[in-house]
Amino acid sequence: MTKAQLKEEIYDIIKESTETEVDFTEASYLAADLMLSSVEVMMLLSDLEDAFDLTIPANQLMDAEKVGDLVDIVTRLLSE
């Protein structure tokens, strides 16, 4: 899977998981732009973990402020 395909799949998961109708990019903030609560972010992360069969370490969760951060984290974990 290319990074572009992975990004598109992550975007689809974000849309489905959060039921957001807000247009977003990698630069969009999860809380400020997508208006996700901390609980919704945790649910989204759980959905990403399930979809890609991986575990996102707690120390990396703190770095996930933007959509692009999620793309980078998932990409990095899948390449390990």
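The values are calculated or read from the model by the stated rules, or taken from the named source; none is laboratory data. Note that the structure is predicted; figures quoted are calculated from it, not measured. As a convention, Cβ positions derive from the backbone with ideal geometry for all residues, glycine included, and neighbour counts pool all protein chains shown. The area values use the complete protein model at the heavy-atom level, side chains included, leaving out ligands, DNA and RNA. Shrake-Rupley method; radii C 1.70, N 1.55, O 1.52, S 1.80 Å.
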* Asked: Mind checking the dipole of the chain: about its Cα centre, +1 per Lys or Arg Cβ, -1 per Asp or Glu Cβ, Debye to the nearest 20?
  -> 240
* What residues have an amide H closer than 5 Å to that of LYS66, excluding those fewer than 5 places away on the same chain, when H is modeled at 1.01 Å from N in the peptide plane? -> LEU30
* Where only C-alpha atoms are counted, convex hull volume of the chain per residue in Å³ -> 83
* To do: Could you pull out the GluC sites (Glu not before Pro) across region 1-67 that fall in loop regions by DSSP (anything but H, G, I, E, B) with no more than 12 other Cβ atoms inside 10 Å?
  => GLU19, GLU21
* Just reorder THR75, THR55 by solvent-accessible area, largest first, 1.4 Å probe, all chains present. => THR55, THR75
* Amide H to amide H, which residues 5 or more places from LEU34 or on other chains are under 5 Å from it, using H placed in the peptide plane? -> TYR29
* Structure fact -> For the chain, whose charge dipole is built from +1 on Lys and Arg Cβ atoms and -1 on Asp and Glu Cβ atoms, the candidate among ALA58, MET43, SER17 with its Cα farthest towards the positive end is ALA58
* Equivalent ellipsoid semi-axes, region 19-58, via Cα gyration tensor eigenvalues times 5, rooted, Å -> 20, 11, 10
* Structure fact -> Expressed as a whole-number percentage, the relative contact order of the chain with C-alpha contacts under 8 angstrom and at least six residues apart is 36
* Structure fact -> Largest fluctuation, VAL41, VAL22, VAL67 only, Gaussian network model of the chain with Cα springs under 10 angstrom, belongs to VAL22
